[in-house]
Structures are given as C-alpha cells and as structure tokens.
1. When you go through R181, R213 one by one, which is the residue that is modelled with pLDDT of 95 or more, farther than 21 Å from L113 by Cβ, open to solvent by 70 Å² or more (accessible area, probe 1.4 Å) and in contact with a helix residue (DSSP H, G or I) (Cβ under 8 Å, 6 or more places away or on another chain)?
2. List, please: which pairs have Cβ atoms under 7 Å, are six or more places apart or on different chains, and start with a residue in the range 113-133 that is in contact (Cβ under 8 Å) with a residue 12 or more places away in the chain and end with one that is open to solvent by 10 Å² or more (accessible area, probe 1.4 Å) and polar (S, T, N, Q)?
3. In the range 168-177, how many are farther than 18 Å from H89 by Cα and open to solvent by less than 40 Å² (accessible area, probe 1.4 Å)?
4. In the range 54-91, how many residues are without any contact (Cβ under 8 Å) to a residue 24 or more places away in the chain and not aliphatic (A, V, I, L, M)?
5. In the range 4-51, which residues are over 23 Å from I256 (Cβ atoms), open to solvent by less than 80 Å² (accessible area, probe 1.4 Å) and at pLDDT below 95?
6. Does T247 qualify as being in a helix (DSSP H, G or I) and either open to solvent by less than 30 Å² (accessible area, probe 1.4 Å) or touching a residue at least 24 places away in the same chain (Cβ under 8 Å) (or both)?
7. Is it the case that G200 is touching a Ser or Thr at 6+ places or on another chain (Cβ under 6 Å), at pLDDT below 95, within 19 Å of G112 (Cα to Cα) and assigned to a loop (DSSP other than H, G, I, E, B)?
8. Is it true that F54 is in a helix (DSSP H, G or I) and either more than 19 Å from the chain's Cα centre (by Cα) or modelled with pLDDT under 95 (or both)?
Amino acid sequence: MIPAPSGATRLYVIVGDPIAQVRSPAGMTAAFAARGHDGILVPVQVSVADLPDFLSVATRLKNLDGIVVTIPHKFACYQVCASATERAHFLRTVNLMRRRADGSWHGDMVDGLGFVGAARAKGIDPCGMRALLVGAGGAGSAIALALIEAGVGELAIHDSAEERRDALIGRLNGLGKAPVRIGTADPAGYDFVANATPAGMKDGDPLPVDVTRLAPSAYCGCVITRPEISPFIAAARKLGCITATGTDMYQQHQSIMMDFLLGMNGGR
C-alpha cells in the first residue's frame, strides 16, 4: 500500500512536453513504497522556452531529490548536470538526474538499457544482427549505443535531422566496434528494427518505416507508451514479428531508474 504523502515526503518529478503520455509516475511511486522510501514521482509539463526557469527553481527546491527527463528535454538537461555517467557524457544527453550532496545534479541515460532489456525479455539477442534505428534524439542515441554494446553486426540510423544523425554516427564509429551508417525508412534486410521517435503518438502520424518491407522474422521495438500498442507495433504484429512496446521497455528499466535515483549505483 502506498502511504499518503506528507511534509516529509521526498519529491521527484518527470518533466516533458507533452507529458500526458508518461506511465512512470504510478509505477515509480509504488516502487519507492516497495523499497520503504517515502517518495513520490509527479509529472510536470514544461515547454522548451520555460525549461531554464524550471531548472533554476528546481535546483532551489530543498525536498526535490530527482528528475526524470522525457521529450524534448534530454539534451538540454544534460547541460545543467555538474557530473554524469560515462554513457551520458558520450551521448551528451540524460533521462535521469539525482541531487548531489552539494545541491547540484548528477545525470545518467538508461533508455538504451531498457530498450535492449525488453528485446532480451522477448528472447531476442541483438548480437550479430543487422539493426535499423529510426530516431537519433535522446532515446535514439541511447538505444544506438546500447545496440553497439550488445554486439550488433551493423547499425543503420535514419533521422530527418541530418546533422544530429551524422554526429551520432560519427561518435559511434569512433568506438571502433560495429559499423554504423546512414539508414532509410526501408527496413528490408534488417533483423532488428527500432522506432525511437514519437511517430504514432498522434492520430494520422506516418509510420516510422515502410512496414510492407518488414520481414516476418524481424524483431520490432518501439519507445511509445501511449497508445500502448503503437501503429508500428500493431502493423509488425500483423506480419508475425516479435515485438516490444514502450511499456515493455519501461518495465525493464524501472529498477535501474530507481537504483540511480536512490543513489544505489553511479551508473558508468
């Protein structure tokens, strides 16, 4: 049972714009209670223009211990972190911030861990696979790094923001692991197809890839949590593909997020 909040309750917020689609406040609040921690996660909708003012105020709130970051603020929030894990520094983005002893923020980016964890929970090992990733934003960057570290044989990245896409490809190729190249919306020939864009959150959104070109043997994963079954995942399932949703991804990394926010790990 989740205890009622009191003046002693520690506050955590999830910040984004939009924010209505997030599922984590209830799950994270319940997880705090399960660990015997008097904490609550609440959603706050903050525009890009207002983010600097929000973060300035957030830093001065003495009972605010952590921030979960969602679209479109992951890159901007990295810039205000006084310290961060190696992966967050590499990607220059965060989806988690926890209060340091001096009142400043320490950041991490665990979206990729959750995404690859969801694939493995479905019996899919990305090692050696040809992977196509759509989206080179905050979540996409993290998923790209996690796929490289999982040992994919090749990674193609498709994003209409060419400068952002090319910068990510350059950094990943600098690791000297799997080759990373520019991709397209054509998923033919890929074993692993990942959607890390908001495409499908709104009615009428185009599909992130040409689903008529998907192989039934391909694994398809998506970051979208609302609708729970995105149009991309629905189309992939009709073809017989093994799939994982944004909710599957969240379920995989909730404990990782909790450990970080409570200071039980430093990431890497």
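1. On the way: R213 fails: in contact with a helix residue (DSSP H, G or I) (Cβ under 8 Å, 6 or more places away or on another chain).
Matching residue, one of R181, R213: R181.
2. G114/Q252; G117/Q252; A118/Q252; A121/Q252
3. Residues in the range 168-177 being farther than 18 Å from H89 by Cα and open to solvent by less than 40 Å² (accessible area, probe 1.4 Å): 0 in total.
4. Initial filter on the range 54-91 (without any contact (Cβ under 8 Å) to a residue 24 or more places away in the chain): 56-57, 60, 62, 79, 89.
Remaining after also requiring not aliphatic (A, V, I, L, M): 56, 60, 62, 79, 89.
Here the count works out to 5.
5. Matches in the range 4-51: S6, A8, P18, A20.
6. On the way: in a helix (DSSP H, G or I): yes; either open to solvent by less than 30 Å² (accessible area, probe 1.4 Å) or touching a residue at least 24 places away in the same chain (Cβ under 8 Å) (or both): yes.
Against the criterion (in a helix (DSSP H, G or I) and either open to solvent by less than 30 Å² (accessible area, probe 1.4 Å) or touching a residue at least 24 places away in the same chain (Cβ under 8 Å) (or both)), T247 qualifies.
7. So G200 does not fit the description; no.
8. Values: in a helix (DSSP H, G or I): yes; either more than 19 Å from the chain's Cα centre (by Cα) or modelled with pLDDT under 95 (or both): yes.
Answer is yes for this residue.
The values are calculated or read from the model by the stated rules, or taken from the named source; none is laboratory data. Remember, predicted model here, so these are calculated numbers, not experimental data. Heads up, the Cβs are rebuilt from the backbone with ideal geometry, glycines too, and the neighbour counts pull from every protein chain shown. Calculation scope for accessible area: heavy atoms of the full protein, side chains included, ligands and nucleic acids excluded. Shrake-Rupley method; radii C 1.70, N 1.55, O 1.52, S 1.80 Å.
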